[in-house]
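S.K.: Questions regarding the structure given below will be posed in turn.
The values are calculated or read from the model by the stated rules, or taken from the named source; none is laboratory data. Quantities reported herein were computed from a predicted structural model and do not represent experimental measurements. Using ideal geometry, Cβ is built from the backbone for each residue, glycine included, and neighbour counts are taken over all protein chains shown. All accessible areas refer to the heavy atoms of the entire protein, side chains included, with ligands and DNA or RNA removed. Shrake-Rupley method; radii C 1.70, N 1.55, O 1.52, S 1.80 Å.
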Amino acid sequence: MKREFLANLLFLLFINLVIKPTYLFGVERVVQNVVTENLYGIYFSILNLTLILNIIADFGIQNFNTRYIAQHPHLLPKYFPAFLLTKGLLSLVYALVLVLVGWATGYLQEYPGILLGMTLCQVLNSLVMYFRSNIAGLGLYWIDSLVSVLDRLVVIAVLGVPLWLGYFDGKNFNLQWFVNVQLLGFATGALVSFAIVWYHAGVLRFHFNWLRMLAIVKAGVPYALSFILMNMYTRVDAPLMERMLVDGREQTNIYASAFRLLEASNVIGYLFAGLLMPMYARLLKAGQDVKPLAHLGIQIIWTGAISLVVCTIVFRQAIMEGLYTSGGAYSGNILGWIIVSFIPVSGVYIFSSLLTAQGSLKALNRVYVWGVLLNIGLNLWLIPMYKAMGAAVANCITQLLIFGAQLYLCQQILQVGLTGRQVLKFVALALAALGIASLSWYYLLPGLHLWAFLLALTACGLTAFVVRLISIRELLTLFSART
């Protein structure tokens, strides 16, 4: 299972580290730079609102289905129609609720096209994620990898290329176009992923079975609660900031520019979670030990996370000035706080997937409830005083405490955690990365910040092998041994 995880992970990383960063920095960043009057801050607030409420459209079906199909793949033809009909009804409810919330907050009256367009985007994205849960549950990981970037490929081709060629600037670019092209991308992904599942499921018979649909909704409740709570403590800061502050639109715009780098980093975390969840489920069902797979996952993801975080902190101001026309010391310091949270967030992907696969949703949701209360309280306290910086600090504190709680749960329930030796290796890597990044910043390439940053990252990756965070011998063994 470790060999299968590593082989598919490398393919996933190759695909996603090419496409998704190109989208985030080659399309989203350019859109933010050409849109005038801080309108991107409005888009970011509405996006976060649609993501928080997106649980209504999903209702935990994706995670429940991933675990269920991974353990019982032969039941896909029987349950797929019922799951799909259930998602259709939930999507209608989601759209209605979001319209009502948009009306109550004023977004529907001020920006109806953006709100309705993003609502449809999230409905289609929810369908794509459900179809992908079936693809992953069937063990078709490489196909799932390709589908995961399809919507971004469409946006890059349709909108990214004209942006790069200079066809748009702040005077002739309409933010609604960006929303519409995303809608096209999600629609393409939904159609392709549905066709793949249909091909593997065979003949499908759609009919309303209210009892079965009710059972699906009931089974998805714990997963739905996890989803909405995670989205709340991760996404509630932007809408709060935009509505609480006099200059809320400007502060949200700055926060969004820094948060984008965390989202780009989270691409790796999503990949790990998507791969590990069905693998954990299969191991647990077979009564096999999940500790080696969990340890391999945390070793790989934290090797990259620690190196990236330390280098980003050292180069934070240069990164923001290089990426955004409004970048500076203030936005750089916000980035510094936000990127620190990537270390606990990446750990959460490893251990929350394990707890979810094991079925410990009740304990996990208790952690998330406290996380939401803590995050909202910190935001209400810090945003009025420190604005976007306060939101960044609140996010970092919340993520650190949630990861600590999940690590404790894994140790108590499954006897899976971090060893003292692992912690010492991670600390050694962090110190080495700090020395390398500082040397690169101050002495090697002080006037070429981008190249200095990339050089520091490369050097940190090589250093990781020196301190043996990941054993080269183990990697070679995984590829040479039989499954």
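S.K.: With the crude spin-label approximation of a point 7 Å out along Cα→Cβ, what separation in nm comes out for V18 versus V97?
M.R.: That separation, rounded to one decimal, is 3.9 nm.
S.K.: Which of rounded, prolate, oblate describes segment 276-388, given a ≥ b ≥ c as roots of the alpha-carbon gyration tensor eigenvalues and a/c under 1.5 marking rounded, otherwise prolate only if a/b is larger than b/c?
M.R.: Cα axes put segment 276-388 in the oblate bin.
S.K.: Follow-up. So, with a 1.4 angstrom probe, what is the percent of accessible area on segment 223-306 that is carbon and sulfur?
M.R.: It is 60 percent, rounded to a whole number.
S.K.: Which sequence of F194, F131 reflects their accessible areas, 1.4 Å probe, from the largest down?
M.R.: The ranking, largest first, comes out as F194, F131.
S.K.: Also, quick follow-up: Output the pairs from K87/K291; K362/K425; K218/K291; K20/K87; K20/K291; K218/K285 with a Cα-Cα distance over 28 Å in this structure; if there are none, say none.
M.R.: In this structure, K87/K291; K362/K425; K218/K291; K20/K291 lie more than 28 Å apart at Cα.
S.K.: So what are segment 256-336's ellipsoid semi-axes, whole angstrom, largest first, if each one is the square root of 5 times an eigenvalue of the alpha-carbon gyration tensor?
M.R.: Computed over segment 256-336, the values are 36, 12, 7 Å.
S.K.: Under the 0.36 nm per residue contour assumption, what length would be gained going from the current alpha-carbon distance of V369 and T419 to full extension?
M.R.: Gain in length upon complete extension: 15.2 nm.
S.K.: Please give the charge dipole size of segment 84-200, origin at the Cα centre, charges +1 on K and R Cβ atoms and -1 on D and E Cβ atoms. Round to the nearest 20 debye.
M.R.: So the magnitude is around 100 debye.
S.K.: Using the C-alpha gyration tensor of segment 323-369, what are the square roots of 5 times its eigenvalues, in whole angstrom, with the largest one first?
M.R.: Semi-axes, largest first: 34, 10, 8 Å.
S.K.: May I ask you to compute the full-extension gain from K362 to H200, defined as 0.36 nm times their residue separation minus their alpha-carbon distance, rounded to one decimal in nm?
M.R.: Between K362 and H200, full extension yields 55.0 nm more.
S.K.: Now for a separate question. Let me know the shape class of segment 365-436, please: from the alpha-carbon gyration tensor, a ≥ b ≥ c as square roots of the eigenvalues, rounded when a/c is under 1.5, otherwise prolate if a/b is greater than b/c, or oblate.
M.R.: Here segment 365-436 falls in the oblate category.
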